[in-house]
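Quick notes on the structure that follows.
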Amino acid sequence: MTQHSSAAPAAAVGVGDPVLQTVGVTKSFGGVHALKGVDFELRAGEIHTLVGENGAGKSTLIKVLTGVYTPDGGEVRYAGETVHFRRPSDAQHVGISTIYQEVNLVPLLSVARNIFLGREPRRFGLIDVGAMNRRARELMAELGIDIDVTAELGRLGLGAQQMVALARAMSVDSRVVIMDEPTSSLESAEVDTLFRVARGLRDRGVGLVFVSHRLDELWELCDRVTILRDGEWVHTGPMTEMTRLDLVAKMLGRDIEEVRAEGATEFGSSHLQGGEPALLVSGLEVANRLHGVDLTVRPGEVVGLAGLLGSGRSETVKAVYGALKARSGEVTVAGRKVRTGSVRGALASGIALLSEDRKAEGIVPDLSVRDNIALAVLPRMSRAGVVSEARIDALVDTFMKRLRIKASSPDQKVRELSGGNQQKVLIARWLATEPTVFLLDEPTRGIDVGAKAEVQGLIDELAEQGLAVVLISSEMDELVEGADRIVVLHDGHVQAELDSTDLSSSELLAALAGDRETDSQTSTQAEGQHA
Amino acid sequence: MSDGTATATVADRSERSGTRFDIDWVRRNGVFVALGLLLLANVFLTENFVSTGTLRLQLVQVAPVVIVALGMALVIGTEGIDLSVGAVMALAAALIPLYVGYGSVGAIAIGLVAGVVVGLIAGVLVGVVGVQPIVATLGLMVAIRGVANLFGGEIKSIREPGLVSLGTGDVAGVPYVVVIAAVVSLVVWLVVRRSTYGRQLVAIGGNKLAARLAGLPVRRVLVTTYVVSGLLAAMAGILLAARSQASDPTKLGQLMELSAITAVVIGGTPLSGGQVRILGTIAGALLMQLITATLIFHDIPDSTAQIVQAVIVIGAVYVQLGRGKARRS
């Protein structure tokens, strides 16, 4: 590690001793009790995961630990002593680093500058660039990260930026590292690196808090787990003593039997209806991204679109929807040709796209739930340019009930809703357009387990009603159970097509990895895209 | 930047907005409270304040500002800005004496069309070409003022009876100018609240990418908005010229873009777009008018009035930023 020790006195904490604790911490906002006397204990030399549904108090607890919020009651202890963090910098000074999903560094500065921001090695009062770059390179080598430290941070991929954030945390000699959803935008190789680094830190006696929506990662990485529900502590224990089912049951507060009956996902059986394809895509090309993608979806069919990051999954649905300019290729919906390159043309033809980036491309945060739902159908809800409030009310009411959208009223601003409810609002927006083809790009990403199950159930229901669905998901379970057929993309073209009736996650994994031998065994209709 | 800022920037929105309730309330309603208090203060402290003459004069003076500010509120709602409004006022006013031979109606129509054309240019630059609003309209502000001078030359007086009565006449004691401003306010208010266009405008200002992906006619809405702003500015310019019975292309409408932006901002419309507050904008224009008037009543020099206005604008923007920060966190 580097020589930068933190300024604060660091009492000796042996491995296995508590390094960061909360005792009976409470916090409320307005009348809402976000934390109701939560006890939490992080030991030095462990990776501890914090799980709970949205609204369980996870993020509030993390903010108390990192000094963003001051607790209303109870206390926070660091290395056995009571501390009062008034602002995030207080927590940092004693050696608590935080890494978020969204990287908060300076994109225009170099990687090295970002790592040493505010603590740059100096010579003659100026930044010693040579020394800074050298030390950054050492640090990166130590982490096993292959990044040019002189590169502008903003030009790197999100995963690489996250590594830089981690390197920064390490360089300040943290005793506690808190990672809030660090993996949600990383590729699997990057996740591996992140985990390796995290384990390295643990072995040096650092205490780590890890939060992730991806349950598999918890068993892979974490030593202990603390479960919160509705602002209350529910359980703390070793990860090894916990089954997946236990965890979900404790999180949701349901009986194990009930959970088991529902299966791992909410998907039912196939609803494939015969007849003409609802969506037919042929030879779709997008400059540098897609090299001739073919796709067929029949009414009532859920086609999964699988592939690693950069394989062209999102690009495929965006090009079909007209949001991305296609160089060539043809899209037809129910036999009729769709004008490509035009969102409005696609919408008019009955295509809807729930895009991956809910915040940037989906919600209009300051508008109400009501206005967000009606957004795409305003002209249809109007006569002579005047909006019919009654028709919108009826529409919104129907969808809020049908999708069980939890909001204080239709007039509540959509930014105040939880991620899961925001997602439902967006699904309602698209269903209101009465689509024939629904393209869903990561519909369950970043939403809590309960909402996830509801969304999965809904997709199933929609297919049952004859909608043609294209489902993109990074979660194998979701694809294998949810889709009737899985199209695997690799490098902008179709690598394989797998029938999912008797497909296992491991077979899909093999196809994703581009293992052609496995493809030919598992795939019944593999298309010979590869020469 | 330190990790500290990083920590503060990722937050649970709902939790945060609760703690920021007060500043949000001030942002939304502060202008009404301030206006009420200042009115009350004047009733007690200013001699002859409560007289038809005084009130009438205030309303006549504020009417053109209100009209321009309404267009500005729409533009700001799309996350844009229109700096060309003052120049458009001058252009429309400069055309009036030139075409008064076609009768007052013809001359007015030509002035309004000029405003529409400038708005169309601004709208196409912003909505279709993709020039930043501040750059596009700053260019137009300079260019159109030049064109107005070119057409208008020196000060010309307006004697046409129709125009004179438009500027000075009244209906049941209420000046035409005030009636027109009130009608325009009502129409814009209805458009924002009830029309498809108004709803789409607010959505585009709130999240342009999401609006585009939802199939909204983003270009058309943007172009329309600048056209409306140009039209309203031309209207205000004509009314101002009719009232003063003269058109001075170098002076007319000068700094009007600032007055309009000020009215919008202290009325609680955020510069970041996604909201249009019509009543707030009107109250904002009235408040600025009343502040200036109050200072004049009490023999405080104009320069002081300008400083007071500046302080209020900065205060209003500060209140907005306080909220903006909470929202982004």
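Just so you know, all these numbers are worked out from the coordinates, no wet-lab data involved. As the structure is a prediction and not an experimental result, all values here were calculated from the model. Here the Cβ is made from the backbone with ideal geometry for all residues, glycine too, and neighbour counts use every protein chain on show.
Is there a simple number for the mean count of other chain Cβ atoms within 10 Å of the Cβ of residues in B:273-279, and what is it?
So the per-residue partner count for this stretch is 1.
Which of B:Y197, B:Y102 comes first, and how do the rest follow, when ranked by fewest Cβ neighbours within 10 Å?
B:Y102, B:Y197
Excluding residues on the same chain fewer than 8 positions from A:K401, give the lysines whose Cα lies under 25 Å from its Cα.
Reachable lysines: A:K359, A:K413, A:K424, A:K452.
Can you work out the FRET efficiency for the pair A:D223 and A:E187, with r the C-beta to C-beta distance and R0 = 30 Å, to the nearest 0.05?
Rounded to the nearest 0.05, the efficiency is 0.75.
Take peptides A:170-177, A:137-144 and line them up by average Cβ neighbours within 10 Å, highest first, as a rough protection proxy.
Taking the mean over residues of other Cβ atoms within 10 Å, the ranking is A:170-177, A:137-144.
Please report the projected area of segment B:52-320's Cα convex hull averaged over all directions, in nm².
For segment B:52-320, the mean projected area of the Cα convex hull comes to 14.2 nm².
Among bridges DSSP assigns within the protein assembly as shown, what percent are antiparallel (round to 5)?
If we restrict to bridges inside the protein assembly as shown, about 60 percent are antiparallel.
Taking every pair of alpha-carbon atoms in segment A:357-439, what share in percent sits in each 10 Å bin, from 0 to the bin with the longest distance?
With 10 Å bins starting at 0, P(r) equals 19, 54, 25, 1.
Highest mean first, what order results for B:170-176, A:196-202, A:290-296 on Cβ atoms within 10 Å?
Packing proxy ranking, top to bottom: A:290-296, A:196-202, B:170-176.
Please check: in the Gaussian network model of chain B (C-alpha springs, under 10 Å), which one of B:A263, B:A109, B:A283 has the largest mean-square fluctuation.
Of B:A263, B:A109, B:A283, the most mobile in the Gaussian network model is B:A109.
In peptide A:369-379, what is the residue-averaged number of other protein chain Cβ atoms found within 10 Å of each Cβ?
Taking all residues of A:369-379 together, the mean is 4.
Kindly identify segment A:341-387 as rounded, prolate or oblate by the Cα gyration tensor criterion: order the square roots of the eigenvalues as a ≥ b ≥ c, call it rounded if a/c is under 1.5, otherwise compare a/b with b/c, prolate if a/b is larger, else oblate.
Oblate shape, in that a/c is at least 1.5 and b/c is the bigger or equal ratio.
Can you give the Kirkwood hydrodynamic radius of segment B:55-158 from its Cα pairs, in Å with one decimal?
Across segment B:55-158, the inverse of the average 1/r is 14.6 Å.
Rounded to the nearest 0.05, what FRET efficiency is calculated for A:R122 and A:R87 with R0 set to 30 Å and r the Cβ-Cβ distance?
The computed FRET efficiency comes out at 0.70.
Suppose each label sits 7 Å from its Cα in the direction of the beta carbon; what would the A:E389-B:N48 distance come out to in nanometres?
A separation of 4.5 nm, rounded to one decimal place.
Give the average, rounded to an integer, of partner chain Cβ atoms located within 10 angstrom of each Cβ in B:185-198.
For peptide B:185-198, the averaged partner shielding equals 3.
Would segment A:18-262 count as rounded, prolate or oblate if I go by the C-alpha gyration tensor, calling it rounded below 1.5 in a/c and otherwise prolate when a/b exceeds b/c, oblate otherwise?
The shape class here is prolate.
Mind checking Rg over Rh on the protein assembly as shown, alpha carbons, Kirkwood formula for Rh?
Using only Cα positions, Rg/Rh for the protein assembly as shown is 1.02.
Just to verify a number: FRET efficiency for B:R193 and B:A143, C-beta to C-beta distance, R0 = 45 Å, to 0.05?
0.85
Taking neighbour Cβ counts within 10 Å as the exposure measure, how do B:E257, A:E41 sort from fewest upward?
A:E41, B:E257
By its C-alpha gyration tensor, with a ≥ b ≥ c as the square roots of the eigenvalues, how is segment A:117-164 shaped: rounded for a/c under 1.5, else prolate for a/b larger than b/c, else oblate?
Verdict is prolate for segment A:117-164.
What ranking, highest mean first, results for peptides A:392-401, B:150-159 when packing means the other Cβ atoms within 10 Å averaged over each residue?
A:392-401, B:150-159
Starting with the fewest neighbours, write out A:D448, B:D24 ranked by other beta-carbon atoms found within 10 Å of each beta-carbon.
Placing the least packed residue first, the sequence is B:D24, A:D448.
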